[in-house]
Amino acid sequence: MYPDPASNWIKVELSNTKDILVTLYNSSGVLFKIPSQKSKNKILLNSGSLTNEIYYLAIKNEHNLLAGKIIIQK
């Protein structure tokens, strides 16, 4: 996941983006739905509407879970 800190876009590179679920929570546990664009091996998350804060991102499919934190700083 990069860049970190992010301002308008978060980019995640994966080996395959088929059948994945992306969730984003803030430090209070509130779920955020943000627009995303998927290609074969990349996800772009539009973080332009998020406020300055630390968020927790989880990307999972049937077999794997990728989790991490991302800082939004504008």
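The values are calculated or read from the model by the stated rules, or taken from the named source; none is laboratory data. Since we're looking at a predicted model, the values are computed, not measured. Using ideal geometry, Cβ is built from the backbone for each residue, glycine included, and neighbour counts are taken over all protein chains shown.
Here's the yes/no breakdown for (1) more than 11 Å from the chain's Cα centre (by Cα); (2) modelled with pLDDT under 90:
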{"position": "I10", "(1), (2)": "no, no"}
{"position": "L14", "(1), (2)": "yes, yes"}
{"position": "L21", "(1), (2)": "no, no"}
{"position": "S47", "(1), (2)": "no, no"}
{"position": "N52", "(1), (2)": "yes, no"}
{"position": "N64", "(1), (2)": "yes, yes"}
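Checking the stated criteria, I59 turns out not to satisfy the condition of being assigned to a loop (DSSP other than H, G, I, E, B) and touching a Leu at 6+ places or on another chain (Cβ under 6 Å).
For residues that are among the hydroxyl-bearing types (S, T, Y) and not in a loop (DSSP other than H, G, I, E, B), scanning just region 1-54, find the one that is nearest to L66 (Cα to Cα).
Just the residues of region 1-54 that are among the hydroxyl-bearing types (S, T, Y), to begin with: 2, 7, 15, 17, 23, 25, 27-28, 36, 39, 47, 49, 51.
After this cut, where a residue has to be not in a loop (DSSP other than H, G, I, E, B) as well, the list is 2, 23, 25, 36.
Details: Y2: 14, T23: 11, Y25: 14, S36: 17 Å.
Only one residue fits best here, namely T23.
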